[in-house]
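Below is one structure. I have some questions about it.
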Amino acid sequence: MAVTLQALLAEANRLMEPEAFQDYCPNGLQVEGRGEVRRLVSGVTASQALIDAAIEQRADAILVHHGFFWRGEDPCLRGMKRRRIAALLENDISLIAYHLPLDAHPALGNNAQLAKRLGIVVDGGMDAGPRSVGSVGHFSEALAPEQLAQRLVDVLGREPLVECVGEQPIKRIAWCTGAAQSYIDKAAALGVDAYLSGEVSEPTIHSAREQGVHYFAAGHHATERYGVQALGEALSRALGVEHRFIDIDNPA
């Protein structure tokens, strides 16, 4: 079934509420393609590999979490950026991206979708208000750190970096997908047993050790595969467009 690009954007914006966020990039339509959308491809990042796969799939639009035009980057269209955007324009494919809105959504977001797969009961956000990017929750039964590490392997298909700070079990946990390692101090202040992010930095380990919080870094890409899939599926159900998620493997 074909829908107009504007109808697709209207539904996506209704779900994501991008106007409520101060983000590091534009949310919504980043590159405009053809006016009708029959086939929507989603992926984590608007890499050349994803664009090439979408062209092969005869997609009319691509939906991603990591798009283009980040704050502070060189605005010139040359080299890698030129090739990516040229491929979209030459094939009349739209690029639609949602960054923080897709992290924070209470049902479709990266954090909500990861919690669903890990068996975490969501209690609320790490920040006050309805649009917190990080989340806090609990397990129905406490887990040993090694049990949570194995669950991450089973769900995400990759070994996490784990910093255990003792033998205490994990009942309450805070988490934020992607590059949210600096939130560990906020998590510790909330009195959780463990904190989970995608990426890790050198200071993160010291924070975990000194504040007594088990820490898990499960990969930026791996922890952010699920929100964009959920949004794509929601758009497909609402509008009847064909949707396919394409996972371009990334160990980071």
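The values are calculated or read from the model by the stated rules, or taken from the named source; none is laboratory data. Computed from a predicted model, the values in this text were never measured in an experiment. Because the Cβ atoms are built from the backbone with ideal geometry, glycine has one as well, and the counts that use them run over all protein chains shown. Note: areas computed on protein heavy atoms with side chains; ligands, DNA, RNA excluded. Shrake-Rupley method; radii C 1.70, N 1.55, O 1.52, S 1.80 Å.
When region 118-161 is examined, which residues are found to be part of a strand (DSSP E or B), open to solvent by less than 40 Å² (accessible area, probe 1.4 Å) and not polar (S, T, N, Q)?
Ile120, Gly124, Gly125, Val136, Gly137, Phe139, Leu143
If I filter region 177-202 down to residues being surrounded by fewer than 21 Cβ atoms within 10 Å (Cβ to Cβ), within 23 Å of the chain's Cα centre (by Cα) and free of Cβ contacts under 8 Å to residues at least 40 places away in the same chain, which single residue comes out as farthest from Pro101 (Cα to Cα)?
Glu202
Additional query: With a cut-off of at least 2 residues that are among the hydroxyl-bearing types (Ser, Thr, Tyr), name the helices (runs of 4 or more DSSP H) lying wholly within region 177-252. Full working, then the answer.
Working: elements: 184-189, 202-211, 220-223, 226-239.
Hits in region 177-252: 202-211, 226-239.
Another question about this same structure. Can you tell me how many residues within region 78-117 are assigned to a helix (DSSP H, G or I) and closer than 25 Å to Phe245 by Cα?
Residues flagged as assigned to a helix (DSSP H, G or I) and closer than 25 Å to Phe245 by Cα within region 78-117 amount to 24.
Looking only at region 46-68, count every residue that is touching a Lys or Arg at 6+ places or on another chain (Cβ under 8 Å) and of a type in the set (Val, Ile, Thr) and tell me the total.
Looking only at that region, the number is 1.
Which pairs turn up if I take residues in region 35-48 that are over 13 Å from Leu8 (Cβ atoms) and without any contact (Cβ under 8 Å) to a residue 12 or more places away in the chain and look for partners that are assigned to a strand (DSSP E or B) and open to solvent by 10 Å² or more (accessible area, probe 1.4 Å) with beta carbon separation below 7 Å, at least 6 apart in sequence or on another chain?
Matching pairs, first to second residue: none at all.
Kindly indicate the residue of region 203-248 that is among the aliphatic types (A, V, I, L, M), over 30 Å from Leu161 (Cα atoms) and buried (at least 19 other Cβ atoms within 10 Å of the Cβ) and also nearest to the chain's Cα centre (by Cα) among those meeting that condition.
It comes out as Leu235.
Does Glu17 qualify as being farther than 22 Å from Gly178 by Cβ, among the charged types (D, E, K, R), open to solvent by 40 Å² or more (accessible area, probe 1.4 Å) and modelled with pLDDT of 95 or more?
Answer is no for this residue.
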